[in-house]
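Taking it in order: structure first as structure tokens, then the write-up.
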Amino acid sequence: MTRKNRVGLHVLALSGLLLAPPAGRAGDREFHAIVERIQAHYQKRPMRFMGLVSFVANRARPEGVRGIKLAVFEDLDSSRHPADPDFEAFMQEIVGPEFHPFVRVLARRDGEQTFVYAKGSGRDLELLIVTLDQDEACVVKMKVDPEGVRQWVDNPPEMSRKTPVSHGGAR
Amino acid sequence: MKTPTQVVRLIATLLLACCASIPAFGQNPRLQIKNLDKLSKKASEVVDVTLDESMLKLASRFMADEKDEDDAEAREIIKDLKGVYVKSFEFEKEGEYSEEDVEAIRSQLAAPGWTRVVGVRSKHDGDNAEVYLMTDSNTRNILGMAIIAADSESLTVVNLVGPIDIAKLSALEGKMGIPRMGLDKEKGKPSQKQAASHDEKK
């Protein structure tokens, strides 16, 4: 191997290390993909400072909840952008086999759709919750501890009806 | 050194042992409830709850420390289950779903192995509740359960897959999206009130 090639390999390895996403971010792939899909469909960006809101939510969170990641979309114009018919199929594809479809609530009355996917994560349950209604959308990823899991298993529809933002304690 | 005949006998014995430990051919306690999805367009609210084996294992692990008697019983039931599937519809007005829609589920419950153990139909308030059990034709073990709960403006189908202690079934009422049916805590039978409404039909 020539010196030039060795230098090239080192540069490649170093750039690989620098460009590789941090572990935490890699685990949020589904979250970001869903946020991007909503953003593209409604041509709307999520509320600003969601990083800060997530940070605050993680400190002011209800007991048993942690690792909250949050994206809220407001003022969605559903008259111009009717519901994405392929959204559920997209989500199923994006979350992959690791996440299991857990709860789905479709409430025609207020046009609200809630999808909850779950996967075991050590002693916790990792939940990915997506709520869409006529003018708002919310994507939440969080971990719940055993007490939280008990509440979710006890009454999944009721837990999913609580707004995801309130799960995060951001309101 | 085993002769070829001994090897064949050994394989045959192993195959027989395997066959004896699995449910009889065609006995699948998992219901196809997807065909109810067409009701989603008419329903004012649709709730789907899916707890597969891995989720149930996780849940039972988390519920291991439960002091509450009902929760402890619920944990005992779900730790052996392979799946809990609940589909529930609420309608704005009567007549949004038909008897044929329910029949699509009942026809699956007419398959060998399924037996109706509770059937409550009230002419007075239109509340219907049916509980079916699938038992292994060889071992008589319970393989699964189905519940159809319906009134004029709602329909709920519950499918539990896996072994269930029927005596403890009441502990699952009101949990995991399973409707409250007033099952007798001791025997998993309808309560006095339901028994009365059953008589009412007669």
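If the condition is being within 14 Å of the chain's Cα centre (by Cα) and in a loop (DSSP other than H, G, I, E, B), then segment A:99-139 contributes only A:99. Filtered by the rule that a residue be more than 12 Å from chain B (Cβ to nearest Cβ) and either surrounded by 17 or more Cβ atoms within 10 Å (Cβ to Cβ) or among the hydroxyl-bearing types (Ser, Thr, Tyr) (or both), segment A:87-109 gives A:87, A:91, A:94, A:95. Would you mention how many residues in segment B:37-57 are more than 7 Å from chain A (Cβ to nearest Cβ) and either on the phi > 0 side of the Ramachandran plot or assigned to a helix (DSSP H, G or I) (or both)? Summing the residues that are more than 7 Å from chain A (Cβ to nearest Cβ) and either on the phi > 0 side of the Ramachandran plot or assigned to a helix (DSSP H, G or I) (or both) in segment B:37-57 gives 7. Residues of segment B:155-183 that are within 12 Å of chain A (Cβ to nearest Cβ) and in a helix (DSSP H, G or I): B:171, B:172.
Every number in this text was worked out from the coordinates using simple rules, so none of it is lab data. Note that the coordinates shown come from a computational prediction; the quantities given were computed from them, not determined experimentally. Here the Cβ is made from the backbone with ideal geometry for all residues, glycine too, and neighbour counts use every protein chain on show.
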